[in-house]
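A.B. asks: Dumping the structure here so I can ask a few things about it.
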Amino acid sequence: MSEKFQKNSVEFSVKGDHALFSDVLTRAGGEKCTYMVPTYEALKGLIQSIYWKPTIVWHIDSVRIMSRIQTVRKGMRPISYGGGNDLAYYTYLADVYYQVKAHFDWNYNRPELEADRNLNKHSSIAHRMIERGGRRDCYLGTRECQCLVEPCVFGEGAGFYDNSGEIAYNLMYHGITYADEAENPEDKGKMTVRFWEPVMKNGVIDFIQPKDCSIKRHIKEMPVKPFGREHNNFAGLDEFRGGEFDELD
């Protein structure tokens, strides 16, 4: 393993009472049903809650399912489009426990932040934020599914599916590629929704990276919004994220 990969990679565990990785096909009627395993986008959102800057792009490498996959249904009263509340049933995962391995690369779609490409700085902050449980609220899929983040060594400990062999899943939502993180030429300047067919091998799912997803659809045109104080959004992001751009640089 190279020194660069060691520095820009992280490993952590996440535990929660519930998780909801929404299957988009079940949401049209107002009810939600979770996928049985985490999506790439949900885990990326989790690591971005732990530590994020526009200078870097997080990539999820693998997730290890540590606990038994089980679901629970809850009656909810979401707000109706016509006013008032509806009655709906949401299907959550219960008592979830995962190990996650991820790494970050530079966001080359943001040349204005080239001066911030300091590997040691971002690696140190990311590991420190994992030790502290994240910089912002951490949750699994939806805001009501709060979770606990801790450092770990990926692969250590006994998992429920360690000897389960290979389990294939059908077509699943992988994530969204926004214009500021697009790598493929055909995805530049667009919002792209990605899909894939995951396979769990002895409890571990190795994700393909967004640029390698062949099943995708372009949703709309999307320009890259630049960061910088001259664009009046850098300072606002400073305040939103607790001044990380000045205090921790």
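A.B. asks: Over 21 Å between C-alpha atoms is what I'm after, so list which of K74/K201; K121/K225; K53/K220; K32/K101; K15/K44 land there.
C.D. replies: Values: K74/K201 30 Å; K121/K225 24 Å; K53/K220 24 Å; K32/K101 27 Å; K15/K44 16 Å.
Too far apart for the 21 Å limit: K74/K201; K121/K225; K53/K220; K32/K101.
A.B. asks: Using 0.36 nm times the number of residues separating E221 and S67, minus their current alpha carbon distance, what extension gain do you get? Write down the numbers at each step before the final one.
C.D. replies: Working: separation 154, 0.36 × 154 = 55.44 nm, distance 4.06 nm.
Gain in length upon complete extension: 51.4 nm.
A.B. asks: Next question. Per residue, how large is the accessible surface of the stretch 41-185? Use a 1.4 angstrom probe and give square angstrom. List each step's numbers first, then the result.
C.D. replies: Numbers: 7080 Å² over 145 residues.
Per residue, the stretch 41-185 has 49 Å² of solvent-accessible surface.
A.B. asks: Please get the size of the charge dipole for the stretch 38-147, origin at its Cα centre, with Cβ charges of +1 on Lys and Arg and -1 on Asp and Glu, quoted in debye to the nearest 20.
C.D. replies: That gives a dipole near 260 debye.
A.B. asks: Go through K32, K44, K211 and list them by solvent-accessible area, largest first, probe radius 1.4 Å.
C.D. replies: Numbers: K32 45, K44 15, K211 100 Å².
Ranked list, largest accessible area first: K211, K32, K44.
A.B. asks: Can you compute the charge dipole magnitude of the stretch 82-136 about its Cα centre, using +1 on each Lys and Arg Cβ and -1 on each Asp and Glu Cβ, nothing else charged? Give it in debye, rounded to the nearest 20. If you can, show how the numbers build up before the last one.
C.D. replies: Details: 8 positive and 7 negative charges, 57 e Å.
Taking the Cα centre of the stretch 82-136 as origin, the dipole is about 280 debye.
A.B. asks: According to the square roots a ≥ b ≥ c of the eigenvalues of the Cα gyration tensor, what is the shape class of the stretch 6-121, taking rounded for a/c under 1.5, prolate for a/b larger than b/c otherwise, and oblate for the remainder? Write down the numbers at each step before the final one.
C.D. replies: Working: a/c = 3.34, a/b = 1.72, b/c = 1.95.
Oblate.
A.B. asks: Report, ordered by chain and residue number, the lysines lying within cross-link reach of K216, taken as a straight Cα distance under 17 Å and ignoring same-chain residues fewer than 8 apart.
C.D. replies: Filter leaves K188, K190.
A.B. asks: How much accessible area does E197 have with a 1.4 Å probe, in Å² rounded to the nearest 10?
C.D. replies: E197 exposes around 120 Å² with every protein chain in place.
A.B. asks: Output ³J(HN,Hα) for the stretch 110-117: one whole-Hz value per residue in order, computed from phi by the Karplus curve 6.51 cos²θ - 1.76 cosθ + 1.60 with θ = phi - 60°, and x for Gly and Pro.
C.D. replies: 10, x, 5, 10, 4, 5, 8, 7
A.B. asks: Then there is this: Of N202, N109, N163, which is the most mobile in a GNM of the chain whose springs link Cα atoms less than 10 angstrom apart?
C.D. replies: N163
A.B. asks: Treating only the Cβ of Lys, Arg, Asp and Glu as charged (+1, +1, -1, -1), what charge dipole size does the chain show about its Cα centre? Round to the nearest 20 debye.
C.D. replies: Values: 32 positive and 36 negative charges, 101 e Å.
Charge dipole, the chain, about its Cα centre: 480 debye, nearest 20.
A.B. asks: Can you tell which of Q146, Q48, Q209 shows the greatest fluctuation in a Gaussian network model of the chain with Cα springs below 10 Å?
C.D. replies: Q209
A.B. asks: Where the accessible area of the chain is counted over protein heavy atoms with a 1.4 Å probe, how much of it, in %, is carbon and sulfur? Walk me through the numbers on the way to the answer.
C.D. replies: On the way: 6440 of 13030 Å².
Of all accessible area on the chain, carbon and sulfur atoms account for 49 percent.
A.B. asks: Here is a further query. Along the charge dipole of the chain, pointing to its positive end and built from +1/-1 on Cβ of Lys, Arg, Asp and Glu, which listed residue (G133, C33, A158) has its Cα farthest out?
C.D. replies: C33
A.B. asks: Restricting to DSSP H runs of at least four residues, report the calculated mean residue ellipticity at 222 nm for the chain, -39500 (n - 2.57) per run over all residues, nearest 500 deg cm²/dmol. Spell out each step's value before the answer.
C.D. replies: Numbers: 5 runs with 40 residues, N = 249.
Estimated from H runs of four or more residues: -4500 deg cm²/dmol.
A.B. asks: Projecting each Cα onto the charge dipole of the chain (Lys/Arg +1, Asp/Glu -1 at the beta carbon, about the Cα centre), which of G83, H174, A19 comes out farthest on the positive side?
C.D. replies: Among G83, H174, A19, the one farthest towards the positive end of the dipole of the chain is G83.
A.B. asks: Sort R194, R27 by heavy-atom solvent-accessible area, probe 1.4 angstrom, most to least.
C.D. replies: Numbers: R194 5, R27 115 Å².
In descending accessible area the options line up as R27, R194.
The values are calculated or read from the model by the stated rules, or taken from the named source; none is laboratory data. Values in this document were obtained by computation on a predicted structure and should not be read as measured data. Reconstructed Cβ throughout: ideal geometry from the backbone, glycine too, with neighbour counts over all protein chains shown. When the accessible area is computed, the model is the full protein with side chains, heavy atoms only, and any ligands, DNA or RNA have been set aside. Shrake-Rupley method; radii C 1.70, N 1.55, O 1.52, S 1.80 Å.
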